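The values are calculated or read from the model by the stated rules, or taken from the named source; none is laboratory data. The model shown is predicted, which means the values in this text are computed figures rather than measured ones. Reconstructed Cβ throughout: ideal geometry from the backbone, glycine too, with neighbour counts over all protein chains shown. Side chains included, ligands, DNA and RNA excluded: accessible areas come from the protein's heavy atoms. Shrake-Rupley method; radii C 1.70, N 1.55, O 1.52, S 1.80 Å.
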Amino acid sequence: MRVTTPAMIIGFVAMVPMAAHGDNLTTRSKNMYGTPGGLIDMPTAEMAEDGELSATVSHFGDTTKTTLSFQVAPRLTGSFRYSSLRDYRPGRGGANPYPNSSYYDRSFDLRYQVLTEGDYRPAVAVGLRDFMGTGLYGGEYVVATKEIGSRLRLTGGVGWGRLGSFDSFGSTGTRPTGVIGSGGIPNTDRWFRGPMSGFGGLSYQASERLSFKAEYSTDAYLEERGAGQDPGANLFRRESPWNFGLDYQVSDSINLGAYYMYGSEVGVRMSIALNPKASPVPGGSDTAPVPVSVRPQFSARDLGWADTPGARDRLSDEVAQSLAREGLILEGMEVDSRHARVLLRNHRWDVESQAAGRAARVLSRVMPDSVEHFTIGQSYRGMPAGAVTMRRSDVEALENAPATEMFDRVTFSGNGAAWAGMDVAPDNYPRLEWSLAPFLKLGVFDPDSPVKADAGVRLSGDYHVAPGWVLSSAVSVKAAGNLDDPPSGRSGAGPGTLPKVRSNARFYAEGNDPRLDHLTIAKYGRLGDDWYGRVTFGYLEQMYAGASGEVLWKPVDSPLALGAELNYVAQRDFDQGFGLRDYDIATGHLSAYYDFGNGFHGQLDMGRYLAGDWGATVALDREFDNGWRVGAYVTKTDVSTAAFGEGSFDKGIRITVPLSWAIGSATRKKNDINIQSLTRDGGARVNVDGRLYEAVRDTHRPQMAKTWGKFWR
């Protein structure tokens, strides 16, 4: 798993071309807070395209904001922000203990569009800014936006918190003041309370790429102007509530802004956006599949091949060679006069339905004419997972029909016993798979060093001893980096009452000697219909060694899966050799997974974590048919806020980027990005490679239904 910041994502997105957006440039623009909209510092009721992921960097008044925004649903936007305030004195009245340095703040936003825009009705949205952070940027608003003609858009709204701190016209009660000390707790006692002010503005699209903006801001910037701080701590002078500027659409993905703000400052902004649903390589660049071979009329009655000596061996060789040309490995096969059953290992296609479709085309060309039924199963590390059965006549008749017609005629099965006793294809076991590649590890959010990194080279390999048995190892050598730098005095690590199960990670990064990242032996297998199992022993990860066992119940047609995992681990020595430290613990979780449909997937894990704390992790992901995934998770255990330290509880954002989406060519490689606010000891889990659910569900009906459009590709 890799950890990065929104700034790192900007670098990735900048290298990826974008498919075109809609015609309205204001929906592509972002404000200084990185949220969609056509104004400058104030919010609007506009939404980005559904699924859009954007990264924004803005700067003015000695403040730099880096924001990652995601259009979670057509009417719901979520944003994560990391801000740097130069020479800011936090604490409302206290002296700055770290002069001549920056203060860093994390914040989260949500905005929901209550009403969409109509012919006479404006769009209306309700928003929460910095709703569970320190409250530095805390504010709430109700805002309306309406298009007038084809070029002008008007916005007006009412704000509370920072958005109600200037020229207020009323109040909805007393709003608590002060910055929440440890952050991370939803500050519900402030929402829509206190003085309220009216803000507004307009945007005018002058040309295809250029638009002008003007707004009236009700943010008094009391904190940045020295309210409650040391004298002379102003970050800028606010001399006017009016802001003016322009936006320029450089390309389909890049939008720039330049503004004159508050009568004294120049602000600049750059936003880079992509939509996971729009591939930068439309249609892809993979070679065309082999055409389906249609049998001559009445040839299916010819059963003579079955009695020919050596026919089955020759057939097995021909099937294996033909599948290999499609990036599929034959693990086993059984054929009788009417039915062919093949078990595949998919090395190329990141969409399992595409792998099944390619296999069906191959079988139509090489199987004897009497074989009418194909059952195509897929394996994970030698363990049979899901299978799909189809009539050969349907494959022949529907090659040029919509893929949905074929989907309606196939059946899915997850019967593990059906594959028991099947002869293993030659040269599959034992086998060695290895790679030598550079690595980059990142650490973020230390107040003195927001981004740390180690770089080096890693040699990894998997030795597949027999079906379901895998010996795995990786050794790495660090070439350069600073992940082992001591944490700053501002890191907010808390009183240290928990065992150091993750917060001592920097000690594992010290030195440049070769490190044993992991060394394990694992067994995967079917425990019955709908049941899967895994047992892993050895040096499981960088920090822990021990044993891990997992059982998964996943019916092939069900959106629901249940799992249980039990681990007994000991902490490894800092040098990542074979030694162990004096800390061991039993951990485990009960898990529930559910596919809600419409691209949303949820997961609940309940159990015991590495520090001995008990609690639960809730995760929700938006998944796209091409393998993209954007989600968030929250872990809350019986650890108190004080014992946990800054952040109050574990939470984060996770993104999966399939490489095939970016390059337009099939590959199973993916980049997993985890944006975790801070590394703490509460809510920590052991990292075990090869957990079952993700691999198993990819071959089951609910997941394959989403991508069945690629069956004929």
Potential extension, SER293-LEU604 segment - 0.36 nm per residue separation minus Cα distance: 107.3 nm
Expressed as an acute angle from 0 to 90° and rounded to the nearest 10, what is the orientation of the C-alpha long axis of helix 311-324 relative to the principal long axis of the chain? 20 degrees
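When you have a sec, figure out the Kirkwood radius of the chain from all distinct Cα pair distances and drop it here in Å to one decimal?
Over the chain, the inverse of the mean reciprocal pair distance is 28.2 Å.
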Which pairs in the list LYS277/LYS706; LYS478/LYS670; LYS441/LYS478; LYS30/LYS213; LYS452/LYS670; LYS441/LYS670 are over 19 Å apart, alpha-carbon to alpha-carbon? LYS478/LYS670; LYS452/LYS670
Per the 1.4 Å probe, what fraction of the accessible area of the stretch 574-713, in percent, lies on carbon and sulfur atoms? 55 percent
Name the residue farthest towards the positive end of the dipole of the chain from the options VAL535, VAL294, ASN567, assuming +1 on Cβ of Lys and Arg, -1 on Cβ of Asp and Glu, about the Cα centre. ASN567
Tell me, what is the percent relative contact order of the stretch 592-713, built from C-alpha pairs under 8 Å that lie six or more residues apart? 20 percent
In the chain, what percentage of the DSSP-assigned beta bridges are antiparallel, given to the nearest 5? 95 percent
In percent, how large is the relative contact order of the chain, given Cα pairs closer than 8 Å and 6 or more residues apart? 11 percent
222 nm mean residue ellipticity, helices alone, for the chain (DSSP H n ≥ 4; -39,500 (n - 2.57); rounded to 500): -2500 deg cm²/dmol
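Restricting attention to the stretch 355-428, which trypsin sites (Lys or Arg not before Pro) occupy a DSSP loop and are surrounded by at most 16 other Cβ atoms within 10 Å?
Passing sites in the stretch 355-428 are ARG409.
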Under a point spin-label approximation (7 Å from Cα along Cα-to-Cβ), what is the LEU620-SER251 distance to one decimal in nm? 3.4 nm
Nearest 10, in degrees from 0 to 90: the angle of helix 352-366 to the longest Cα principal axis of the chain is 20 degrees
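Between THR497 and ASN234, what length in nm is gained on full extension when 0.36 nm per residue of separation is reduced by their alpha carbon distance?
Length difference between fully extended and current span is 90.9 nm.
Provide the FRET efficiency to the nearest 0.05 for the ASN687-ALA258 pair, computing r from the beta carbons and using R0 = 51 Å. Walk me through the numbers before you get to the answer.
Details: r = 44 Å, r/R0 = 0.87.
My answer for the efficiency is 0.70.
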Descending packing, highest mean Cβ count within 10 Å first, for 686-698, 594-606 is 686-698, 594-606
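Going by average Cβ density within 10 Å per residue, which order do the peptides 631-638, 158-165 take, highest to lowest?
Averaged packing, sorted descending, gives the order 158-165, 631-638.
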With the crude spin-label approximation of a point 7 Å out along Cα→Cβ, what separation in nm comes out for SER171 versus LEU659? 6.0 nm
Using alpha-carbon positions, what is the distance between the centroids of the stretch 597-661 and the stretch 139-208, in Å? 30 Å
Label-point separation, TYR429 to SER101 (7 Å along Cα→Cβ), nm: 5.6 nm
Per residue accessible area in Å² of the stretch 632-702, where ligands, DNA and RNA are left out and the probe is 1.4 Å: 36 Å²
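Can you give the relative contact order of the stretch 117-274 as a percent, counting alpha carbon pairs under 8 Å and 6+ residues apart?
It rounds to 17 percent for the stretch 117-274.
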Once the piece of chain linking ASP575 and VAL475 is laid out straight, how much longer is it, given 0.36 nm per residue of separation minus the C-alpha distance between them? 34.8 nm
